[in-house]
Amino acid sequence: MLDDIAKILFPDERDNKKINSKIKGNKQELKIAKMLTKWTGKEFVRIPMSGGLRWKNAMNICGDLLCTDPNYYFPLNIEVKHYKNFEIKEKLRINSRILRWYKQSLKDAYTSKKYPVLIVTRNYLKYHLFISEAKFDKVKCIINYSNKLYGYKFEDVINEYDAKNFIEEFTKQISNIYGKNF
């Protein structure tokens, strides 16, 4: 009880920062959802609780964004991250935030039987898309981590590829690596 009173009288700034960062993250997810909607012509929405939602018999509800059209094949599990400050360098360290975030996307993608994609930004920086195994020749690869994880400017990807061609090329590359059951 004393702790509750103390929190009311002396609010901790860290609690406000957590709330503000959550709001900022939600806004970024909504922005990416709008970009994907415009790019694909299909509606994308934020998943409530930022990917933490699981419905009985609906394990494909993973990641941060979801296409509302059940008939539209979108093989990507999208994880969106926005942090105030972190660096995107050509060479990633083994303990980089990007690799940690990508692992989170990988885990959700496995559950949803989709392929992991990480879209990141920081204050005053454009969005970057990270995807493994697939390399796209129409856009400049800005990060190549051990020929396994590639980083692109998201804006370049959606400007150079229409969604259908991107998904076809992506699926073809991944099928060549993992077989037709992808």
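No lab work stands behind these numbers, since they all come straight from the coordinates. Computed from a predicted structure; not experimentally measured. So basically every Cβ, Gly included, is an ideal-geometry build from the backbone, and we count neighbours across all protein chains shown.
Data for the structure
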item	result
Burial ordering of Y178, Y115, fewest other beta-carbon atoms within 10 Å first	Y178, Y115
Sorted by Cβ neighbour density within 10 Å, fewest at the top, the residues D137, D162	D137, D162
Listed residue pairs exceeding 27 Å between alpha carbons, taken from K89/K172; K113/K153; K135/K164; K31/K164; K107/K164	K89/K172
Virtual spin-label span in nm between K148 and N85, 7 Å along Cα→Cβ	3.0
